[in-house]
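Beneath this line is the structure, given in structure tokens, with notes to follow.
Quick note: the coordinates plus some simple rules give every number you see, no bench work behind them. Bear in mind that the values here come from a model prediction, so they are computed numbers and not experimental data. Cβ atoms come from the backbone with ideal geometry, glycine included; neighbour counts cover every protein chain shown.
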Amino acid sequence: MGIDLALIGGTGLYRLSGLEEVVEEQVETRWGAPSDRIVVGRLGTKRVAFLARHGRQHDIAPHEVNYRANLQALQSLGASRVIGVNAVGGIRKDMGPRILVVPDQLIDYTHGRITSFGEGSGEPVRHIDFSEPYTASLRSKLLEAAAAAGIEVVDGGCYGATQGPRLETRAEIARMRRDGCDLVGMTGMPEAALARELGLEYACLALVANWAAGCGDEAEISLEEIYANLEHATARVPVLIARLLES
Ligand code: HPA
């Protein structure tokens, strides 16, 4: 039995409410274990797999996530379509806290992460096309589902992936803004590129948790505020996903 849609939940999203007939799959891959057991269940008539990117206890830092194992495990369960849900900081004016965004571009500022299935595999290097890092058809489905569900989402934007786990300095964000970044997060890469290597359809649903450093009025970013905003934003995710699956 295949999986109609897989979700990788980021900070603030550790389960998908509404899933029925749930089973937890412990999957091993050639690249090691994924971040946690994968929860597979039914949402309406469709089969959905859910994986918490940082583990359900949130004990895996962004740079420590085994992105290869996560994607390989989802594919081995039969998933061909993955939505990465990512908490982000907002840089662009219309991307403030609690806003949902479906980005269409990214810039990778991460370092020291394993970025390809080719690494250490002994296989010939493959250069994937990554001009459009997200799958257009899956992005469209997300946007259509949001419109149908009456959930406001911003269509497009450039996701800047930083190393973390610390938040950025104001100067770093100022540079990212000059580079053309609209959002900043720590987990968008190498996930998107690895999904492309596996031939998976992949789109990002970004949940704005806070204004990025220096973009809001406050001198510092408070964690309480981040979590409060994420709670607000994640509440809309199951509705959006259910609508997407109906189409
Ligand atoms: N920066 C990077 N990652 C994030 C942020 C941020 O401000 N907020 C949530 N994830």
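Of note:
- Mean-position separation - Cα centroids, the range 109-169 and the range 61-96, in angstrom: 7
- Highest-fluctuation residue, 91, 99, 60 considered, GNM on the chain with Cα pairs under 10 Å: 60
- Along the chain, the longest continuous region that contains none of the trypsin sites (Lys or Arg not before Pro) in a DSSP loop with at most 10 other C-beta atoms within 10 Å is 167-247.
- Cα-Cα separations in the chain greater than 32 Å, expressed as whole percent: 14
- Each residue in 115, 11, 187 was given a count of other beta-carbon atoms within 10 angstrom of its own, and listing them fewest first yields 115, 11, 187.
- Summing Cβ point charges (Lys, Arg +1; Asp, Glu -1) relative to the Cα centre of the chain gives a dipole of roughly 220 debye.
- If the segment from residue 60 to residue 119 were pulled out straight at 0.36 nm per residue, it would be longer than the present Cα-Cα gap by 19.1 nm.
- Within the chain, helix-based [θ] at 222 nm, where runs of 4 or more DSSP H residues each add -39,500 (n - 2.57), nearest 500: -8000 deg cm²/dmol
- Shown here: the range 99-150, whose C-alpha atoms stretch 48, 21, 17 Å along the first, second and third principal axes, sorted largest to smallest.
- Most mobile listed residue (50, 117, 130) in the chain, GNM with C-alpha springs under 10 Å: 130
- Seen from every direction in turn and averaged, the convex hull around the alpha carbons of the range 151-225 projects onto 6.3 nm².
- A convex hull fitted around the alpha carbon atoms of the range 1-105 yields 125 Å³ per residue.
- Comparing 75, 105, 26 in a Gaussian network model of the chain, where Cα atoms under 10 Å apart are tied by springs, the biggest mean-square fluctuation is seen for 26.
- Per principal axis, descending, Cα span of the range 86-224 in whole Å: 50, 38, 27
- Calculated Rg and Dmax of the range 16-64 using C-alpha coordinates, Å: 12.1, 36
- Diffusion coefficient, µm² s⁻¹, Stokes-Einstein with Kirkwood Rh over alpha-carbon pairs of the range 195-247 at 20 °C and 1.002 mPa s: 157
- In the distance distribution for the range 26-160, Cα-Cα pairs more than 19 Å apart total 62 percent.
- Among 227, 134, 109, the ranking by other beta carbons within 10 Å of each residue's beta carbon, starting with the fewest, stands as 227, 109, 134.
- Under the convention that each Lys and Arg Cβ holds +1 and each Asp and Glu Cβ holds -1, the size of the dipole of the range 29-133 around its Cα centre is about 520 debye.
- Counting beta carbons within 10 Å around each of 232, 111 and listing the fewest first gives the order 111, 232.
- With the charge dipole of the chain set up from +1 on Lys and Arg Cβ and -1 on Asp and Glu Cβ about the Cα centre, the Cα lying farthest toward the positive end among the listed residues 241, 96, 54 is that of 241.
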